[in-house]
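The values are calculated or read from the model by the stated rules, or taken from the named source; none is laboratory data. If you're wondering where the values come from, they're calculated on a predicted model, not measured in any experiment. Quick reminder, even Gly has a Cβ in these numbers, built from the backbone with ideal geometry, and neighbours come from all protein chains shown. Quick note on the areas: whole protein, heavy atoms, side chains included, nothing else; ligands and nucleic acids left out. Shrake-Rupley method; radii C 1.70, N 1.55, O 1.52, S 1.80 Å.
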Amino acid sequence: MRRFHYLAPRRLDEALSLLTPDAVPLAGGTDLFLRMERRQTQPDAVVDLKRIPDMDRIEPSDGGLRIGALAPMESLAASSLIVNGYRALAESARVVGSIQTRNRATIGGNLANASPAADTATPLLALGATAEAGRVDGSRELPLEQLFLGPGRTALESGELLTAVRIPAMPGRTGSSFQRCVRTAMDIAVVNCAAFVKLDEDGAVEDARIALGAVGPTPLRALSAESCLQGRRFDADAAAEAAECAAHDARPIDDVRASADYRKDMVRVLTRRAVENAFQRARGEA
Amino acid sequence: MKVVGQELPRVEILEKVTGQSVFGADVSPAGRVLHGKMVRSPHPHARITAVRTEGAERLPGVRAVVTAADLPPVHYGNFVRDEEYFARTKVRYVGDRIAAVAAVDEETAEEAARLIEVDYQVLPAVTSGPEAMAPEAPVIHEDHADYWAQPSVENRRGNVCGHKQIMRGDPERGFAEADRIFEHRFHVPMVHQTYIEPHTVLAQFDASGKATVWVPTQAQFPLRAAIAQILRMPMTKVRVIPTEIGGGFGGKISPTIEPAAVALARKARQPVRIVMTRGEDFQGSNPRHPFHLRYKTGVRLDGTITAREIELVLGTGYSAGSGVMISQGAAVRAPGPYRIPNLRIDSYCVYTNTPTCGAYRGPAGPQLTFASESQIDIIARELGIDPVEMRLRNAFEDGDETPAGARLEDVHARETLRKAADVMNERPRPAGENIGRGLAVAHWLVGGMASSAGVKLNEDGTIGILTGVVDLSGASTSLAQIAAEVLGVSLDDVHVRTADTDFAPHSTISAGSQALKSMGSAVLLAAREVKRQIQQVAADKLEADLGDLELDDNKVFVKGSPERAVSLREVGHLALEHERGPIVSTQSVSRLVPHPAVAAHAAEVAVDPETGHVRILRYVAVQDVGTAVNPLSVRGQIEGGVMQGLGQALSEACTFTDGKMDNPNLLDYKIFSALDAPAVETHLIQHPCASGPLGAKGVGEPPIIPPPAVIANAVADAVGVRIHDLPITPEKIVRALKARRQP
Ligand SMILES: Cc1cc2nc3c(=O)[nH]c(=O)nc-3n(C[C@H](O)[C@H](O)[C@H](O)COP(=O)(O)OP(=O)(O)OC[C@H]3O[C@@H](n4cnc5c(N)ncnc54)[C@H](O)[C@@H]3O)c2cc1C
């Protein structure tokens, strides 16, 4: 590892002002340090965000939820706000790494790292989240879809920090579910999938969002699968058709973890399971 | 017995759990330590046309650069002398050693390593055994016929560096007598030990030209000899000091970075430390041999095996290493723990452009057992016989012979097997689909190696043991228990010290499940001699007959009248005044008769037929251990072996593309973690073994051997597909299920 300066500001504005082009932000370090050790990132300075107060808060906001970028996975998995209202997100946070990893790994780091397999990215996409980006002269909000540009690349500009994630309110008759497929218990997803459905009074789909991970250069929305569900009532065929559409939406590759073929198969399986599960939850059955 | 057979915590445990133990990278000698770094080949096979070191030598902070030019032209190897420490004319695998550098800090060393320029003429490479045996395959050692080899290494040609054939009975007749003949092929990839501590070494030279080498090794005496041979130094000019070791599993026996560290320290006149990165360790150490296996088996309809024809192709890597020995041993164990009258076994050891494999725990065991025990299950199912019955019908017994003709004693295959089946059957299968059970049985042959140990009585009545064996997995504790038992003291009164090559009496290596058998036998002899000496001194003091004296509770007393006693502390003092002098004995043993140690495992699994994910619901491990000197250690060994075996069964494989390893990291080389680990139900079969100390058998290797076969059989039982190629990944199961649906 190359030598670097370690900076630990105590205020957000101070942190923002330290973010020169040769500096990188540090949250839990569970991705960053590995990259530095492998010399894939060789910063002059590391700006540690963990001393900034309240940047890890999980709080109700505008009827929905605002999750500070520094919130660790373990807090997400344990938060009753998230467990009760945003099941898919809690489920994803609960399976990241081991307990040791989850105590360090933050939601902001998971998103800013921009891995196509990031486990919290798919539920957040399915739940319609937005990213809050802060800079010295203010902040902006962008839909999460627009944050991811490619493997390891985000729309955050130099000098910008991801300060929080916002998720809209979850009214009644909504349900979400997260599913993933791994090689051993502690693994990066071979495929992950999150589904969200909102039903109308008759039990037909008013709104559906399905997101897939590790099957393209970024976490992605399975748009044709979503429209396939629109207006439908739940039955086995609906879930199976959505799953088939999702397999078309996926763009997997062969790599050391799995073949593209297997990934497509898993998109089918996981999408069907996630959709079924989300439906059950929307109907208060699970 | 009072101490032997008790579940006692390990003697070194406090130092370990409080972080005080000194592991390889913790050693800090006087003087500033330089950082060493290896320069390795990026090509699997290439001719070296030039090596330029000037750039590295000129870099400020660099203290030494060594290449083949700094070393004598030595070819080494225990079985075939086919290895040169630094490549001179050719590189033969990605990771082959070209040079090493030492610098004032790690960054400078890394920079210097990058500045060494090597010109290569790239050659075609082969990475699998069968490919390397093809007539048109590139030859990895052109002139290996000229290399020195042990006489037992036969039939060397092309890339085959050894071919062992065993014939027993009349295989042709055996197959003619069979009602059915089955033939299957299997493949097991290379897997790595993934000990928690990567290879590390610290080397220092003193003014007299003596090298001291601190290293976590399983084999200090052979390592001393190898370093001396490679650097052409007098053997006792090398002192190897074994540190605490963070796991070895057979991967820390052969030399890796040690000769480089010594050569650098000599040239720089400063101590040099080299610590491998995990990636380097994956590609520059001694993993487990990949195998291609063909099993042909003839059976009668009642399940009796009439003949087996077995062909084994072991990919040894770029040099013979221990591969030839392991392929010879594989031939002997290949038929499994069965009595089979007619056998033909061909075992090939083949050069490949990959790292040279070593003696990973239970060498060849998991590979052979996966093939053999998968096939036994297939046959039993085809014949409609219970797989346990089929195994019991053919299991070997006392008096049977190994394929090599050695007579077997202390065999408990049937009992072990039956116990595993019984424990599994105690509980009914859970309801539900895609749940299955599988079982496999395997054996390991535990020999013994030349060993010696010293035992003494201290003046305070405590006992000291001096050994040269590295405590890899509880050996020190068990040795102390043996001495405590003989001398009537508690474990706390026994101090065990592993000394280095300068001071320790020659001891065996910590490998092959024989450390306790060999060293325990030496300690037992020495403790018994110390007991005799204690009795001598006490007899004079108590005015009793030596034969009437017993040792217990730190005292010597007259049988029948415990009030006539003298404490060991007093004996310790008396001995100094006594005509016989201090009480001490060093005893030796040589090669010991091998005994079989059997492991039978059974698993219950649930398979998700859509994702292919295998969940282990129950895992039963039964092992024939002789006397369990410390049942806690024995259970620990079994649990650890099962976990490693399950990784090999389900997720581990070193894979290569164009000769380069695809997954030299713990993210993509998937070992079993605590989150994957099932509870293991262990059961010990204890019958004292005639050839082991106080009846103990070796326990380390057997538990890693059955798991791949067990899981393969359980998965087949659960979802009806048979995987012939390890590891049994979710993806392979899904593919097999799809293939079955659409024929
Ligand atoms: C053993 C282990 C297991 C893992 N298992 C999983 C898993 O199951 N699923 C999964 O998705 N991931 C997994 N990971 C990856 C990793 O833990 C997660 O991606 C984690 O959420 C990263 O968060 P962090 O706080 O550690 O980020 P860091 O490593 O601190 O940062 C990651 C990147 O984001 C940048 N960054 C961090 N915070 C901000 C911010 N607020 N604004 C802008 N940029 C920022 C950093 O500069 C860096 O480039 C695992 C990692 C390990 C080591």
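What tally of residues in region B:649-690 results from selecting those that are open to solvent by less than 30 Å² (accessible area, probe 1.4 Å) and away from every other protein chain (no Cβ under 14 Å)? Here the count works out to 5. All told, A:Val269 falls short of being open to solvent by 10 Å² or more (accessible area, probe 1.4 Å), under 25 Å from B:Val734 (Cα atoms) and modelled with pLDDT under 95.
Collect the residues in region A:115-132 that are within 8 Å of the ligand (Cβ to nearest atom) and either at pLDDT below 95 or open to solvent by less than 20 Å² (accessible area, probe 1.4 Å) (or both), keeping them in residue-number order. Walk me through how you get there before you give the answer.
Pass one, region A:115-132, residues within 8 Å of the ligand (Cβ to nearest atom): A:115, A:117-121.
Result: A:Ala117, A:Ala118, A:Asp119, A:Thr120, A:Ala121.
Taking region A:134-208 and the strands (runs of 3 or more DSSP E) fully enclosed by it, the elements with 1 or more residues that are open to solvent by 10 Å² or more (accessible area, probe 1.4 Å), out of contact with any helix residue (DSSP H, G or I) (no Cβ under 6 Å at 6 or more places or on another chain) and within 14 Å of another protein chain (Cβ to nearest Cβ) are at A:174-181. Is it the case, given these coordinates, that A:Ala69 is open to solvent by less than 10 Å² (accessible area, probe 1.4 Å), in the same structural domain as A:Thr163 (by TED's automatic domain parsing), more than 25 Å from B:Leu675 (Cα to Cα) and near the ligand (Cβ under 10 Å from one of its atoms)? Against the criterion (open to solvent by less than 10 Å² (accessible area, probe 1.4 Å), in the same structural domain as A:Thr163 (by TED's automatic domain parsing), more than 25 Å from B:Leu675 (Cα to Cα) and near the ligand (Cβ under 10 Å from one of its atoms)), A:Ala69 qualifies. List pairs: first in region B:207-227 and free of Cβ contacts under 8 Å to residues at least 12 places away in the same chain, second open to solvent by 20 Å² or more (accessible area, probe 1.4 Å), Cβ under 8 Å, 6+ apart or cross-chain? Filtered contacts from region B:207-227: B:Ala225/B:Met235. Among the residues making up region B:450-488, those that are open to solvent by 10 Å² or more (accessible area, probe 1.4 Å), among the aliphatic types (A, V, I, L, M) and over 28 Å from the mean Cα position of the chain (by Cα) are B:Leu457, B:Val486.
The residues of region B:72-86 that are closer than 18 Å to B:Thr49 by Cα and either open to solvent by 10 Å² or more (accessible area, probe 1.4 Å) or within 24 Å of the chain's Cα centre (by Cα) (or both), listed by number, are B:Pro73, B:Glu84, B:Tyr85.
For region B:506-519, the criterion of being free of Cβ contacts under 8 Å to residues at least 60 places away in the same chain, outside any strand (DSSP E or B) and surrounded by fewer than 24 Cβ atoms within 10 Å (Cβ to Cβ) is met by no residue.
Considering only region A:152-159, I want to know if a residue exists there that is in contact with a Phe, Trp or Tyr (Cβ under 9 Å, 6 or more places away or on another chain) and within 8 Å of the ligand (Cβ to nearest atom). The answer is yes; a qualifying residue exists. Scanning region A:33-52 for residues being open to solvent by 20 Å² or more (accessible area, probe 1.4 Å), under 24 Å from A:Leu76 (Cα atoms) and either within 9 Å of the ligand (Cβ to nearest atom) or within 23 Å of the chain's Cα centre (by Cα) (or both) gives a total of 3.
Annotation: of all residues in region B:708-729 being open to solvent by 20 Å² or more (accessible area, probe 1.4 Å) and of a type outside the set (S, T, N, Q), the one that is farthest from the other protein chains (Cβ to nearest Cβ) is B:Asp717. Checked across region B:597-612, the condition of being surrounded by 24 or more Cβ atoms within 10 Å (Cβ to Cβ) and not aliphatic (A, V, I, L, M) holds for at least one residue.
Only residues that are assigned to a loop (DSSP other than H, G, I, E, B) and of a type in the set (Asp, Glu): list them for region B:130-158, please.
Within region B:130-158, B:Glu136, B:Glu142, B:Asp143, B:Glu154 meet the criteria.
Per the listing A:Ala243, A:Ala260, A:Ala247, A:Ala274, the residue uniquely within 14 Å of chain B (Cβ to nearest Cβ), within 19 Å of A:Asp187 (Cα to Cα) and modelled with pLDDT of 95 or more is A:Ala260. Any residue at all in region A:157-166 that's more than 24 Å from A:Ala282 (Cα to Cα), within 15 Å of the chain's Cα centre (by Cα) and free of Cβ contacts under 8 Å to residues at least 40 places away in the same chain? No. The combined condition, being in a strand (DSSP E or B) and open to solvent by 20 Å² or more (accessible area, probe 1.4 Å), is fulfilled by B:Val118.
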